[in-house]
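The values are calculated or read from the model by the stated rules, or taken from the named source; none is laboratory data. Just so you know, these numbers come straight off a predicted model, no measurement behind them. Positions of Cβ are backbone-derived with ideal geometry, glycine not excepted, and every protein chain shown enters the neighbour counts.
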Amino acid sequence: MSESEEILRIASKGDGVTASGRFAWGAAPGDILHADGTLEWGPHHVEPPCRHFGRCGGCQLQQLDEESLRAFVEARVSNASASQELGAQHIAPPHLSPPATRRRASLRAESSGGRIVIGFREAKSHRLVELEECHVLAPELVALLGPLRKLLITMGKAAPAKKGGKGKPGKHQQARMAADIEMTLVEQGVDLGVKGLTAEGLAATEAMLAFAEEHGLARLTMDGGYGFETVWEPVPVTVKLGDVSVPFPPGSFLQATLDGEQALVGAAREWLEGVPTVADLFSGLGTFAFALAGPGTKVLAAEAARDVHLACKAAADRAQLPVFAMHRDLFRNPLQPDELNKFAAVVLDPPRAGAREQVEAIAQSNVERVVYVSCNPSSWSRDAARLVEEGFRLVELRPVGQFRWSTHVELASLFLREA
Ligand SMILES: C[S@@+](CC[C@H](N)C(=O)[O-])C[C@H]1O[C@@H](n2cnc3c(N)ncnc32)[C@H](O)[C@@H]1O
């Protein structure tokens, strides 16, 4: 049997690891892992603030004190850099979003044992934990969970009985319900999307409208399998990017916290100050484009999602800012070196898969300054290695932990081409 050993670090999936390579879930650095698998808490182990911790799939690291949480975020990023020998010149202290600031969430709602459960999926299982509290979500989102649960029960009762089901003939009967819930805090309040359900019948529709009105929703959309249908949107929904209110199509990407967005945008602003022409690739609604564009800076914003691209374009036109929105699939049709050569700098913020093809074209171009923002240190390090191979230097790396207490880590990085 193995000896008692100290937990030395937290691995990328959130388990504590000892020197001999033993793993322990829920451990903090400095804990002692005994031979029988029990943990003795060390100086960095704190009482998790949430009663659901350990069962809810939303958080993995609530047992860490602030110091070791910061160390985890920094290590994820610096290890990714070291794994490819990128030679980062400077790694900034990590930015961590405070509790109760996450402004978007994807949750699951299911009927279970005659009840409706809304929550993140349980860790390593398909079961849902009923969220009685949540320490990461913004209070406006948490406040809606209880009322939403009641609404879904009402809708279930209002739904027509399924043919062949049990129960007295002619009586409404609650069918098994499962839906995906998207919540985003926008300028007008909460944008709520329910996927997998339709409001069937007058009673269900009226219940939805009453709910939206009573809770002052910014928008309510339903998607029963044929695309989003807007049930309620008293005024057009927008998000503020830079100084511009940009239309927000249902389900669009928004950085998870406002302070996280500000950390990433702040890095891009600092690194691209005074640059006259910037290509913002995987631009989304224009988070970086609207922050960078101004009298001295023109920005091209390239994005594949059509509704997102159109929203960016409409906002740029209305604000009369030098942001030129381009609809383009940058995986299949990356900006080519001759197109990239028209820009003094590139900022790119691709999805988790990274941007292998687009980075190859950047490597082959004459662009001298690249700001790479990433939500996946692994794909980032692969792409970064290609830039370094073609003569770029990794000047600065800023770890950002927008998803507090989770293993999900983001970063901003600056690459300059060696003279
Ligand atoms: C991580 S988000 C970043 C969005 C934006 N930079 C921001 O901060 O809000 C990645 C964006 O890439 C877009 N995207 C995904 N695949 C793409 C592709 N093949 N070509 C271009 N854009 C793509 C997504 O629609 C999404 O808007």
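When residue 42 is tested against (1) farther than 23 Å from residue 400 by Cβ; (2) in a strand (DSSP E or B); (3) in contact with an Asp or Glu (Cβ under 6 Å, 6 or more places away or on another chain), exactly one condition is not met: (2). The residues of the stretch 266-297 that are over 16 Å from residue 400 (Cβ atoms), of a type in the set (S, T, N, Q) and either within 13 Å of the ligand (Cβ to nearest atom) or not assigned by TED's automatic domain parsing to the domain that holds residue 345 (or both) amount to a single one, 283. Within the stretch 320-328, the presence of at least one residue that is free of Cβ contacts under 8 Å to residues at least 12 places away in the same chain and either basic (Lys, Arg) or farther than 26 Å from residue 92 by Cβ (or both) is confirmed.
Taking strands (runs of 3 or more DSSP E) that fall entirely within the stretch 183-297, which contain at least 1 residues that are within 23 Å of residue 335 (Cα to Cα) and either of a type in the set (Gly, Ala, Ser) or modelled with pLDDT under 95 (or both)?
On the way: elements: 189-195, 219-223, 229-232, 238-241, 244-247, 277-281.
It comes to 277-281.
Scanning the stretch 310-331 for residues that are assigned to a helix (DSSP H, G or I) and among the basic types (Lys, Arg) turns up at least one hit. Checking each residue in the stretch 101-120 for being touching a strand residue (DSSP E or B) at 6+ places or on another chain (Cβ under 6 Å) and of a type outside the set (A, V, I, L, M) picks out 102, 103, 104, 106, 108, 110, 119, 120.
Scan the stretch 227-249 residue by residue and report those that are under 22 Å from residue 107 (Cβ atoms) and surrounded by fewer than 21 Cβ atoms within 10 Å (Cβ to Cβ). Full working, then the answer.
As a first pass, look at the stretch 227-249 and keep what is under 22 Å from residue 107 (Cβ atoms): 227-233, 237, 239, 248-249.
Those that are under 22 Å from residue 107 (Cβ atoms) and surrounded by fewer than 21 Cβ atoms within 10 Å (Cβ to Cβ): 227, 228, 229, 230, 231, 232, 233, 249.
Selection of the stretch 335-355 for residues being more than 13 Å from residue 299 (Cβ to Cβ) and away from the ligand (no atom under 11 Å from the Cβ) yields 336, 337, 338, 339, 340, 341.
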